[in-house]
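See below for the structure under consideration.
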Amino acid sequence: MTSECDALGLTPGEKSELALSALGGCVFYLKKCLIDQELLSMANFEEYIPLDSDMVSAIRPGAVFAKVNQRMVLDSVTLNNLEIFSNGTNGTTEGTLLEKIDTCHTPFGKRLLKQWLCAPLCNPYAINDRLDAIEDLMVVPDKISEVVDLLKKLPDLERLLSKIHNVGSPLKSQNHPDSRAIMYEETTYSKKKIIDFLSALEGFKVICKIIEIMEEVVDDFKSKILKQIVTLQTKNPEGHFPDLTIELNRWDTAFDHEKARKTGLITPKAGFDSDYDQALADIRENEQSLLEYLEKQRSRIGCRSIVYWGIGRNRYQLEIPENFITRNLPEEYELKSTKKGCKRYWTKTIEKKLANLINAEERRDVSLKDCMRRLFYNFDKNYKDWQAAVECITVLDVLLCLANYSRGGDGPMCRPVLLLPKEDTPVFLDLKGSRHPCITKTFFGDDFIPNDILIGCEEEEKENGRAYCVLVTGPNMGGKSTLMRQAGLLAVMAQMGCYVPAEVCRLTPIDRVFTRLGASDRIMSGESTFFVELSETASILTHATFDGTAIANAVVKELAENIKCRTLFSTHYHSLVEDYSQNVAVRLGHMACMVENECEDPSQETITFLYKFIKGACPKSYGFNAARVANLPEEVIQKGHRKAREFEKTTHSLRLFREVCLASERSTIDAEAVHKLLASIEEL
């Protein structure tokens, strides 16, 4: 991101000025929060390339999807409308796609699953590799059962590695306010840190056992990604899992684990901490030197009763019985204290040796005090290996989660087929016998009706041309929104690399999913329902083309004829249906229903929803049935019906007037069309 011309790396590179400015703002905020050293020292940076940049630079169909790291974009509106993470009722995960799929056994696996749901893949080869991994896992249920039992024992290793890094940071020990703080419960805090550290070590041992189990069947796997995450780097250059055996054995013998767990203090064993080892060696050397000096003084005075006396900094005073004290004592003997029957002396030699001993003891105490930090720092030196191991197990956990869902669905499950779009292979979506993945969990039994959703498929092309826009009509409460959510969710699942609840699922990759489902407002933002509907519609057109317009007819025309993106457009405007009934770029479909006692009085109609998506347009929306179900007063329904009839008549008159005007402008006149037009006018 910095300029190649600047050797010091102080000049932003081309098109990176704003990115570096944003990074600078983040660093400023982290410093303000006193967590800049902990986070920045981990050096976990990734370059973000917006999808729009790739789309603009793509020079041929499918070029964007051929990139391995390309992801589907799901904006916040889409995530909310599709109820991927939270439902629209109470904001919980109940009834969401996440709740349906999530059977991950580790906290870090659950986090990665959310990332995969947020950003499904676009590259068919990468998607198929995940699907191969799911198939590989489904054929070894015995091994999977063993692995799952071990996964359940794992702590949150991802978070523990961050904690260990923060505790072991040498920068924090020098400058951070924590280094000057007095912890009155320091022993309690130390015990917690040690317990976390030991928990991490045990977790990595469990991970190694998981890899040993998977190594027994890895040769039978087809999936490249699955082979990589369960193969040791030392055994195969393509393996991603590091060999942790030597490091784990080293840490097993680094200190007494049980003693540290109980006392909250770490006393490293010999050979592990050089500073501590050197301090102990100096202490032993000085103590031995003082003992040798004592023997010399006993021989010199001729008294074996001479001993050292004293505590603290007054240690090692020569205590000599009075009957051995003569006027011929060495001159360097300095009287320090007396008691009945003896006197105590010091010498310059003793004073020097004691100073050396005290210095060594102080270095030992400092080493012990900072031992935990330095121990964690030594562990963190291999952060990349520890993190690589966690990442491998994280991916394995999510793949097991997807395999579990794919194997135990609520009905027929199929492997999605994804194809790269080419010049002779336009985009399409082919779902046959598809079911909503979440509703089958909410409503038990066999009452959910599967549906076929075909957009841009060859079957449709044979009838009236390849249509990328499907106008969806049908009665209120007939299942239109559910059908559209179903199509979006199945596309997300397919590109995530998961089996889908359908008999057939074929599609070309989808780079974005836009939704405008239902009416809602944003009261806290001062935005009305109508404003929200317009802004979300504008978002679709703005991101899909540079010449977007707005509102119903123009939106359909733009999406179907210019943008040609796969679209399910639900509407109650039947005039819209009539306008596009002959348009080859638009196909009509509706949610079927059965009407009993259909008459002029809407209160007498009985609607039975069939929840089946079929071809053609629905003649009416049957909105008054929804009003009756909602217990609106009868007089309100009757008045609404009269107004609807008036509006329908006015609209029909305007349409006939427009057709008359158009017919008068044509150079040739179709006699049959004119007769039909006159007949319609007479009926008014």
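Of these, Ala626, Ala592, which one is assigned to a helix (DSSP H, G or I) and either modelled with pLDDT of 80 or more or aliphatic (A, V, I, L, M) (or both)? Explain how you work it out, then say what you get.
On the way: Ala592 fails: assigned to a helix (DSSP H, G or I).
Only one candidate passes the filter, namely Ala626.
So in the stretch 595-623, with the set limited to residues that are within 40 Å of the chain's Cα centre (by Cα) and modelled with pLDDT of 80 or more, which one is farthest from Gly479 (Cα to Cα)?
The initial filter retains those residues of the stretch 595-623 that are within 40 Å of the chain's Cα centre (by Cα), namely 609-615.
Right, trim to modelled with pLDDT of 80 or more and you get 610-615.
Numbers: Leu610: 9, Tyr611: 6, Lys612: 9, Phe613: 9, Ile614: 12, Lys615: 15 Å.
Taking the candidates together, the pick is Lys615.
Show the residue pairs meeting these rules: Cβ distance below 9 Å; 6+ apart or different chains; first residue within the stretch 18-29 and among the aliphatic types (A, V, I, L, M); second residue exposed (fewer than 11 other Cβ atoms within 10 Å of the Cβ).
Ala19/Glu47; Ala19/Tyr48; Leu23/Phe45
Taking interchain pairs and intrachain pairs at least six residues apart, which have beta carbon atoms under 7 angstrom, with the first residue in the stretch 245-260 and in contact (Cβ under 8 Å) with a residue 60 or more places away in the chain and hydrophobic (A, V, I, L, M, F, W, C) and the second surrounded by 12 or more Cβ atoms within 10 Å (Cβ to Cβ) and outside any helix (DSSP H, G or I)?
Listed pairs, sorted by first residue: Ala254/Pro268; Ala254/Lys269; Ala254/Phe272; Phe255/Ile266; Phe255/Thr267; Phe255/Pro268; Phe255/Lys269; Ala260/Ile266.
Step by step: first the residues of the stretch 77-127, then only those that are among the small types (Gly, Ala, Ser) and over 27 Å from Ile225 (Cα atoms), then the one that is surrounded by the fewest Cβ atoms within 10 Å (Cβ to Cβ). Which residue is that? Outline the logic, then answer.
Start the filter on the stretch 77-127 by keeping residues that are among the small types (Gly, Ala, Ser), which leaves 86, 88, 91, 95, 109, 119, 126.
Next, only the ones that are over 27 Å from Ile225 (Cα atoms) stay: 86, 88, 91, 95.
Numbers: Ser86: 17, Gly88: 13, Gly91: 10, Gly95: 17.
Step by step, filter the stretch 77-127, then rank; the result is Gly91.
Which of the residues spanning the stretch 219-261 are within 20 Å of Asp397 (Cβ to Cβ) and assigned to a helix (DSSP H, G or I)?
Those that are within 20 Å of Asp397 (Cβ to Cβ) and assigned to a helix (DSSP H, G or I): Lys224, Ile225, Leu226, Lys227, Gln228, Ile229.
Any residue in the stretch 264-273 that is surrounded by fewer than 14 Cβ atoms within 10 Å (Cβ to Cβ) and assigned to a helix (DSSP H, G or I)?
No: zero hits.
Select from the stretch 81-131 the residues that are polar (S, T, N, Q) and in a loop (DSSP other than H, G, I, E, B) and list them in ascending order.
Initially, the stretch 81-131 is screened for residues polar (S, T, N, Q), giving 81, 86-87, 89-90, 92-93, 96, 103, 106, 115, 123, 128.
Answer for the stretch 81-131, where residues must be polar (S, T, N, Q) and in a loop (DSSP other than H, G, I, E, B): Ser86, Asn87, Thr89, Asn90, Thr92, Thr93, Thr96, Thr103, Thr106, Asn123.
If Tyr345 passes every condition in (1) without any contact (Cβ under 8 Å) to a residue 60 or more places away in the chain; (2) in a helix (DSSP H, G or I); (3) crowded, with 16+ Cβ neighbours inside 10 Å but one, which one does it miss?
The one condition Tyr345 does not meet is (2).
In the stretch 274-293, what count of residues is obtained for those that are buried (at least 17 other Cβ atoms within 10 Å of the Cβ) and either without any contact (Cβ under 8 Å) to a residue 60 or more places away in the chain or in contact with a strand residue (DSSP E or B) (Cβ under 8 Å, 6 or more places away or on another chain) (or both)?
Final tally of qualifying residues: 2.
The values are calculated or read from the model by the stated rules, or taken from the named source; none is laboratory data. Keep in mind it's a predicted model, so treat the numbers as computed, not measured. Every residue, glycine among them, receives a Cβ derived from its backbone with ideal geometry; neighbour counts consider all protein chains shown.
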